[in-house]
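Read through the structure below, which is laid out as structure tokens, and then see the notes.
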Amino acid sequence: MNVQETTVLNTPKKDLWKNVKRHFSVYALLIIPAVYYAIMKYGPIVSGQIAFKDFMPVDGVWGSKWVGFKNFNTFIHAYYFGELMRNTILYSLAKLLISVPLSIILSVALYECTRNVLRRVVQTLAYLPHFLSWVIMYGILLVLLAPGDGLVNDIIKAAGGEPIDFLTNIHAFPVVVIVSDAWKEMGWAAIIFIAALMGIDPSLFEAAMVEGASAVQRVWYITLPSIKPVIVTVVLLKLGTILDAGFNQMFMLYSVSVYSVADIIDTWVYRQGLLQFEFALATSVGIFKGAIGMALVMISNKVVKKIADSSLL
């Protein structure tokens, strides 16, 4: 290897260290999240091996007996496996198909709004539910949906209908879950789209207005195409968590009477894996969900790249 080749190979390393020294304060901000991910995300990967073991706390992670894919088979062959997968996937897809379009509509509406006071009020009201826990949201839903004196049932009775117990009715419960999730997260999810909208060149809208394009045409032909990469990225990332249907929400809202339409993978794992101290089973389900999510992201990424010419990589 000659001197010229050695210089070329060392240049990227030198440039990297120069950038680190020059922008040390910026790189220092990465220390806290790096430590967090190292301890909370990558550290537990070592203990993930208990998914393939008959884990006994007294024996520890390394001393427990290997059982291969026994825990995975226990989950896959569980009596409620089909029902759990159906409920989980349907809730996740419904939330994806409803929350993403609503978030886009909200972000576009806020972006197009010319009244600053109205925009700020709507933004605040839209963001606020995200910061409320599902315990508080459950209390709000009880006030709104109570069969006796709930606001919604009062309206139904005033219209001549019969009151509905939304939280114990197997037909109404899925609607409550999907609508309440959209209500809680719509405003927060719109933030990323608003940020993308801020990056659009204003001259595009000015040129469209000169050409006589209406507000709807400007949104359809300029706004949406401009944020299409962001939309694709958000959808692909959500597909990676398609088997996460919202444990906190479901745990607060569901009851025995609606298990058939409310029980999802995470609630089953909570009852079977944690309450009965079957930690290996709970870990195996987590790996199962992660593998499915990763496969969906990779497949969807390739499909979208061919169809829409936009992808994560």
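What number of residues within the range 124-153 satisfy the criterion of being of a type in the set (Gly, Ala, Ser) and part of a helix (DSSP H, G or I)? Count: 2. You will find that of 164, 76, the residue that is over 21 Å from the mean Cα position of the chain (by Cα), more than 25 Å from residue 269 (Cβ to Cβ) and at pLDDT below 90 is 164 and no other. For residue 177, the criteria (1) exposed (fewer than 15 other Cβ atoms within 10 Å of the Cβ); (2) assigned by TED's automatic domain parsing to the domain that holds residue 232 hold in every case but one, which is (1).
Does the range 105-114 contain at least one residue that is in the same structural domain as residue 262 (by TED's automatic domain parsing), assigned to a loop (DSSP other than H, G, I, E, B) and within 28 Å of the chain's Cα centre (by Cα)? Yes, the conditions are met somewhere in the range 105-114.
Residues in the range 106-121 that are without any contact (Cβ under 8 Å) to a residue 12 or more places away in the chain and either within 14 Å of residue 234 (Cβ to Cβ) or touching a Leu at 6+ places or on another chain (Cβ under 7 Å) (or both): 119 alone. Does any residue of the range 154-167 turn out to be in a helix (DSSP H, G or I), in contact with a helix residue (DSSP H, G or I) (Cβ under 9 Å, 6 or more places away or on another chain) and either at positive phi or crowded, with 18+ Cβ neighbours inside 10 Å (or both)? Within the range 154-167 (the criterion being in a helix (DSSP H, G or I), in contact with a helix residue (DSSP H, G or I) (Cβ under 9 Å, 6 or more places away or on another chain) and either at positive phi or crowded, with 18+ Cβ neighbours inside 10 Å (or both)), the answer is no, since none of the residues qualifies. Counted as qualifying within the range 223-313 are the helices (runs of 4 or more DSSP H) with 1 or more residues that are surrounded by fewer than 14 Cβ atoms within 10 Å (Cβ to Cβ), of a type outside the set (Ser, Thr, Tyr) and without any contact (Cβ under 8 Å) to a residue 24 or more places away in the chain, namely 279-308.
Residue-by-condition table, conditions (1) in contact (Cβ under 8 Å) with a residue 40 or more places away in the chain; (2) of a type in the set (Val, Ile, Thr):
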{"site": "124", "(1), (2)": "no, yes"}
{"site": "135", "(1), (2)": "yes, yes"}
{"site": "141", "(1), (2)": "yes, no"}
{"site": "150", "(1), (2)": "no, no"}
{"site": "162", "(1), (2)": "no, no"}
{"site": "168", "(1), (2)": "yes, yes"}
{"site": "181", "(1), (2)": "yes, no"}
{"site": "209", "(1), (2)": "no, no"}
{"site": "212", "(1), (2)": "no, no"}
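The values are calculated or read from the model by the stated rules, or taken from the named source; none is laboratory data. Nothing here was measured: the structure is a model prediction, and the numbers come from that model. When we count neighbours, we look across all protein chains shown, and the Cβ atoms used for this are built from the backbone with ideal geometry, even at glycine.
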